[in-house]
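Take a look at the structure set out below.
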Amino acid sequence: MRRIDKALRIAQELDERYPTTPIPLDHSDAFTLLVAVLLSAQTTDKKVNEVTPALFADGPTPAAMAALPVETILRHIRQLGLAPTKAKNVRRLSELLLERHGGEVPVSFEALEALPGVGHKTASVVMSQAFGVPAFPVDTHIHRLAARWGLSDGKNVDKTERDLKRVFPKETWNKLHLQIIFFGREFCPARNHDMLACPVCSWAATKKAVAAQDKKDRRVR
Ligand code: SF4
């Protein structure tokens, strides 16, 4: 099956399963979304959502957050991975939003990626989910699924992003990246699963992906 036809069928399958795409990280505006996404590195969204209500009560705006001591931010987020670095980044990022952008979150990939702790994926999530700008944030789950489904060769996340942007229409990127995440969370266990029972891999998986899964399953048996 051609890659473009496969993509179309996958998009249809995902639309049927996930007709709505609620944003998983709780937030009230672009600033709180930016902070929540930064906090979500190496941590589950669920955990982030547990700590952000108290953090955002103390620091709801860049000005309020920049006025908090790093220790206070750290106290709020202590249970997350990489908490000390994230606390410093949240504080510095808030200061930079005041210094460089008048206390607003910039609608620019370049300006976002110049902030501490904000890489291309985080900037893409903010551009897409806060501002509705077409973007395709690729995390490790999307990267892996795109390779299994034969939509990309899986060399690296940058290549996967380019490949996905090529096969899916631009107006669908913002919902698709969330739909693929939802699918992965619902269907993709860490190990030991039957690709033939999967609603997408059963027909879309590449031979390479099937062989790799077989090998992995033999190792854990
Ligand atoms: S077969 Fe496994 S890896 Fe592939 S989409 Fe289904 S659950 Fe995920």
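The values are calculated or read from the model by the stated rules, or taken from the named source; none is laboratory data. Because the structure is predicted, anything quoted here is derived from the model rather than measured. Using ideal geometry, Cβ is built from the backbone for each residue, glycine included, and neighbour counts are taken over all protein chains shown.
Note on segment 22-51: among residues that are among the β-branched types (V, I, T) and in a helix (DSSP H, G or I), the one that is nearest to the chain's Cα centre (by Cα) is V37. All of (1) part of a helix (DSSP H, G or I); (2) more than 21 Å from I23 (Cβ to Cβ) hold for A57 with one exception: (2). Within segment 158-180, take every residue that is touching a helix residue (DSSP H, G or I) at 6+ places or on another chain (Cβ under 6 Å) and over 12 Å from A7 (Cβ atoms) and give me the one that is nearest to the ligand (Cβ to nearest atom). The selected residue is Q179. The set of residues from segment 5-26 being buried (at least 21 other Cβ atoms within 10 Å of the Cβ) and not β-branched (V, I, T) comprises A7, L14. Listed by first and then second residue, the pairs with beta-carbon distance under 7 Å, at least 6 apart or on different chains, first residue in segment 25-51 and over 21 Å from M127 (Cβ atoms), second modelled with pLDDT under 95, are Q42/G81; T43/G81.
Only helices (runs of 4 or more DSSP H) wholly contained in segment 61-157 count here; list those with 1 or more residues that are within 16 Å of V35 (Cβ to Cβ) and touching a helix residue (DSSP H, G or I) at 6+ places or on another chain (Cβ under 8 Å). Steps first, answer last, please.
Values: elements: 62-66, 70-77, 83-101, 109-113, 120-129, 140-148.
Result: 62-66, 70-77, 83-101, 109-113, 120-129.
In this structure, is F187 modelled with pLDDT of 90 or more and either out of contact with any strand residue (DSSP E or B) (no Cβ under 7 Å at 6 or more places or on another chain) or not assigned by TED's automatic domain parsing to the domain that holds T43 (or both)? It is false that F187 is modelled with pLDDT of 90 or more and either out of contact with any strand residue (DSSP E or B) (no Cβ under 7 Å at 6 or more places or on another chain) or not assigned by TED's automatic domain parsing to the domain that holds T43 (or both). In segment 52-73, what count of residues is obtained for those that are under 23 Å from the mean Cα position of the chain (by Cα), surrounded by fewer than 19 Cβ atoms within 10 Å (Cβ to Cβ) and of a type in the set (A, V, I, L, M, F, W, C)? So the count comes out to 1.
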